[in-house]
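Asker: Can you read through this structure? Questions will come right after.
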Amino acid sequence: FKEALEDAERLMKYAAEIGIDVDAETRSAVLTARAVYPDGWTEDVAAKLLLALTCLADRVKPVTAASLKAYHVDTRPTMHTYLIWAIILSAIIIPASIVTFVTSNISEAIRTDIVKANALAVKLSAELSASAQTGVGLTDKVADLQEYAATTRLIWARAKRLNWYVFPRVEVPAPLIPPATDRSQEARYLKQKFELPVSLTNDNAVKAGEDMTETYQDVRFFAQSIVTDIATFYGAITSCVLPILYALLGTCAYLLRTFEDQMSTRTFVPSHANSARFLIAAIGGTVVGLFGNFSQQASASPLAVAFLVGY
């Protein structure tokens, strides 16, 4: 009955703080129990105390003695736990989302450039061969050839940048590796591989186009290898890992919002059901990741759906 007495005192104090009227008989029962505890405890005192506790619980509900106790004892550890989980999940989700976004955009740009360069390679192969045979000037072909070289250089630059995000990194094709000399000679070697001759004539245009095509083929192989590895690795993260993390983050958001509401009304009571909610969120995030295509009909990202599932 010691616990019952403490609960009754908490409820009566709370009623007094917020202005809930408590009848004199109930107050007297609680005060008498405290005055005679523990030596003067009798059956009548205990019975009146339990009756008073029942009346107080009915008057102040949904606030309970357990929630008032938790309000003073368990709020700081609970808030600390929720914040730690939210910070840990954010520290993982934000970098992973940024890296996935960056690699996806670079990969898409490389695919677009490869399609463009393929079309230019086919077009220039036919045009340069015809010009060499007929002797027709190359004035109208120079722009395409320069665009072809510029696109090859752009693919090469993007592929090298994207290679930093692959583990392990893709090996650069041997023809694109400068010889082991000083930097000035390396620069000249790369310039020779990726730049057109300063002056293009009928005599050297075909050779320049063929050399650029050889360089482009090596660059294309290098870039496509990286794009394939990126799609496999980060595709698995986007489809399997991030939905689970977003669902867990949604659960943290829900628990923090619920905790704030319960603290304002003093109805918070620690519950082991919150741990089960994290497990349910992880399962829901897994399902969203595996069957994420359904979200396309709703014009929503699978990651957003996973967050809402967790929330």
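Asker: Using only the alpha-carbon atoms of region 145-245 as identical scatterers, what base-10 log of I(q)/I(0) does the Debye formula give at q = 0.15 Å⁻¹?
Answerer: -0.70
Asker: Roughly how many debye, to the nearest 20, is the charge dipole of region 171-288 about its Cα centre, given +1 on each Lys and Arg Cβ, -1 on each Asp and Glu Cβ, and no other charges?
Answerer: On the way: 9 positive and 12 negative charges, 131 e Å.
My answer is approximately 640 debye.
Asker: Which order do you get for Arg27, Arg10 if you rank them by accessible area with a 1.4 Å probe, largest at the top?
Answerer: Values: Arg27 100, Arg10 70 Å².
From most accessible down to least: Arg27, Arg10.
Asker: Can you classify region 27-79 as rounded, prolate or oblate using the Cα gyration tensor, where a ≥ b ≥ c are the square roots of its eigenvalues, rounded means a/c under 1.5, and otherwise it's prolate if a/b beats b/c and oblate if not?
Answerer: It comes out oblate by the Cα gyration axes.
Asker: Also, quick follow-up: When you take every Cα atom in the chain, what is the radius of gyration, and what is Dmax, the widest Cα pair distance, in Å?
Answerer: Answer for the chain, Rg first and Dmax second: 36.3, 122 Å.
Asker: Give me a comma-separated list of calculated 3J(HN,Hα) values for region 153-165, in order, Karplus coefficients 6.51, -1.76, 1.60 applied at θ = phi - 60°, integers in Hz, x for any Gly or Pro.
Answerer: Result, rounded to whole Hz: 5, 5, 4, 4, 5, 5, 5, 5, 5, 5, 5, 5, 9.
Asker: With +1 on each Lys and Arg Cβ and -1 on each Asp and Glu Cβ, and nothing else charged, work out how big the dipole of the chain is about its Cα centre, in Debye to the nearest 20.
Answerer: On the way: 28 positive and 31 negative charges, 80 e Å.
So the dipole magnitude of the chain works out to roughly 380 debye.
Asker: Take region 215-311, compute every pairwise Cα distance, and split them into 5 Å bins from 0; I just need the percent in each bin.
Answerer: Bins of 5 Å from zero give 3, 13, 16, 15, 12, 10, 9, 8, 4, 3, 2, 2, 1, 0, 0 percent of pairs.
Asker: Tally Lys and Arg at +1 and Asp and Glu at -1 over the other residues with C-beta under 12 Å from the C-beta of Cys55: what net charge comes out? Let's see the in-between values first.
Answerer: Numbers: positive: Arg27, Lys48, Arg59, Lys61; negative: Asp21, Asp23, Glu25, Asp58.
Combined, the nearby Lys, Arg, Asp and Glu give 0.
Asker: Which order do Glu171, Glu9, Glu260 take by accessible area at a 1.4 Å probe, largest first?
Answerer: Numbers: Glu171 155, Glu9 60, Glu260 125 Å².
The ranking, largest first, comes out as Glu171, Glu260, Glu9.
Asker: Can you list, largest first and rounded to whole Å, the semi-axes you get for region 1-129 by taking the square root of 5 times each eigenvalue of its Cα gyration tensor?
Answerer: Sorted largest first and rounded, they come to 76, 14, 9 Å.
Asker: Separate question: Just want the answer: with Cβ charges of +1 for Lys and Arg and -1 for Asp and Glu, which residue in Ala143, Ser239, Leu89 is farthest toward the dipole's positive end in the chain?
Answerer: Selected residue: Ala143.
Asker: Per DSSP H run of at least 4 residues, take -39500 (n - 2.57); add these up for the chain, divide by its residues and hand me the 222 nm value, nearest 500 deg cm²/dmol.
Answerer: Calculated at 222 nm, the ellipticity per residue is -27000 deg cm²/dmol.
Asker: Sort Leu248, Leu56 by heavy-atom solvent-accessible area, probe 1.4 angstrom, most to least.
Answerer: Leu248, Leu56
Asker: Distance in nm between label sites at Glu210 and Asp39, each 7 Å beyond Cα in the beta-carbon direction?
Answerer: 11.5 nm
The values are calculated or read from the model by the stated rules, or taken from the named source; none is laboratory data. Quick caveat: nothing in here was measured; it's all calculated off a predicted structure. For neighbour counting, all protein chains shown are included, and Cβ atoms are generated from backbone atoms with ideal geometry for every residue, glycine included. Note: accessible area is taken over every heavy atom of the protein model, side chains too, but ligands, DNA and RNA are not part of it. Shrake-Rupley method; radii C 1.70, N 1.55, O 1.52, S 1.80 Å.
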